[in-house]
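I have placed the structure first, in the form of structure tokens, so that the comments after it can refer back to it.
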Amino acid sequence: MRRVAFLTMKNPEGFFVYDQLLVAPLSQRGWEVIDVPWDEEGVDWSRFDAVIIRSPWDYQQNASHFLHVLAEISASGTKLFNSLEVVRWNIRKTYLLDLERLGIPIVPTLWGSHLRADDLAGAYEQFETDTLVIKPVVGANADDTFRLRLGDTESAEEAMRVHQVRPYQLQPYIESIETEGEWSLFHFRGQYSHAILKRPASGDFRVQEEHGGRIAAAEPEPAARELADRIGAAIPFDTLYARIDLIRLSNGDFATMEVELIEPSLYFQCDERSPERFCDAFVEAMTESESTAGSFTEGPA
């Protein structure tokens, strides 16, 4: 059998991982799955035919080392999904600016690098809101993400301490996260697979299961499907997988919250056919890659 490494983390305790649902269908296609922590030392990546980034959900604690490991994988000749160039583009949330320049609607955002009280005051005024959300530009799992209410000096001081010397994004709090939830639509090799709706626990705003979020399969309305397709077409790289997170603004339109191309949970448990679709897409991508690598154009005599 051929071997594919699932890039993961040394201690996944406390996280919800569904990638085991890929093991059987990949085995049926001639592939053995081996879990490898991304920061495991001394790994010979060339012994794998492919590496798929799946659940290294602590990479943001040392993003530069994570990128170094991915560069080593790419240099070994082993096929990496998604590719190093995709990760380099997607690891900083400033990729949203690239999408916005292409006409993709995103959640209104202010960008900065040294959070001060004046920045918060200006954001409340510009967005005409009494509640903000601040996130790191490089981050995952809602780490160091704060919901800030006007007048809550304690939370503001904590946010300023955390984001004092790191790039951040400031956004108005979108109320529909509580009333409707956040939509996630999944594409495998650019083709729609399935969708879910994520809702936060009562009193919270974070939709991740690790924070008590509730996840359910759902059928998105045509407007969400159409926007997700536009986003997929706007991604400047080929991808094996993409998770496109959308939220409804107060005017009823959908906007892009995130486009997750590095290590998103793909929630295979929510659609029984999604593991098969993913595995088919992976095999097709490998076949195409190896066919391209094995071809050549003969030069003039």
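The values are calculated or read from the model by the stated rules, or taken from the named source; none is laboratory data. Quantities reported herein were computed from a predicted structural model and do not represent experimental measurements. Cβ sites come from the backbone with ideal geometry, for glycine too, and all protein chains shown count toward neighbours. Surface areas here come from the heavy atoms of the whole protein model, side chains and all, with no ligands, DNA or RNA. Shrake-Rupley method; radii C 1.70, N 1.55, O 1.52, S 1.80 Å.
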**Request:** Could you order Met286, Met160 so the one with the most accessible surface comes first? Probe is 1.4 Å.
**Result:** Met160, Met286
**Prompt:** For the chain, what's the relative contact order in percent, using C-alpha pairs closer than 8 Å and at least 6 residues apart?
**Reply:** 19 percent
**Prompt:** Which of Leu197, Leu150, Leu185 moves the most in a Gaussian network model of the chain with Cα springs under 10 Å?
**Reply:** Leu150
**Prompt:** How large is the helix-only mean residue ellipticity at 222 nm for the chain, computed as the sum of -39500 (n - 2.57) over DSSP H runs with n ≥ 4, divided by its residue count, in deg cm²/dmol to the nearest 500?
**Reply:** -9000 deg cm²/dmol
**Item:** Cα-based reach from Lys135 at 16 Å (exclusive), listing lysines while leaving out same-chain residues under 8 positions away
**Value:** Lys93
**Request:** Sort Ser274, Ser113, Ser64 from largest to smallest accessible area, using a 1.4 Å probe on the heavy atoms of the protein chains.
**Result:** Ser64, Ser113, Ser274
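Could you work out the local net charge near Ala5, counting Lys and Arg as +1, Asp and Glu as -1, over the other residues with Cβ closer than 13 Å to its Cβ?
Net local charge, Ala5 excluded: -2.
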**Message:** Looking at the chain as a GNM with Cα springs under 10 Å, which of Ala159, Ala223, Ala140 has the largest mean-square fluctuation?
**Reply:** Ala223
**Prompt:** For region 258-282, list residues with backbone N below 20 Å from a point placed 7 Å from the Cα of Glu72 toward its Cβ?
**Reply:** 263
**Complete:** In the chain, helical segments from DSSP H whose Cα atoms cover 27 Å or more along their own axis and that average at least -1.0 on the Kyte-Doolittle scale are 274-294
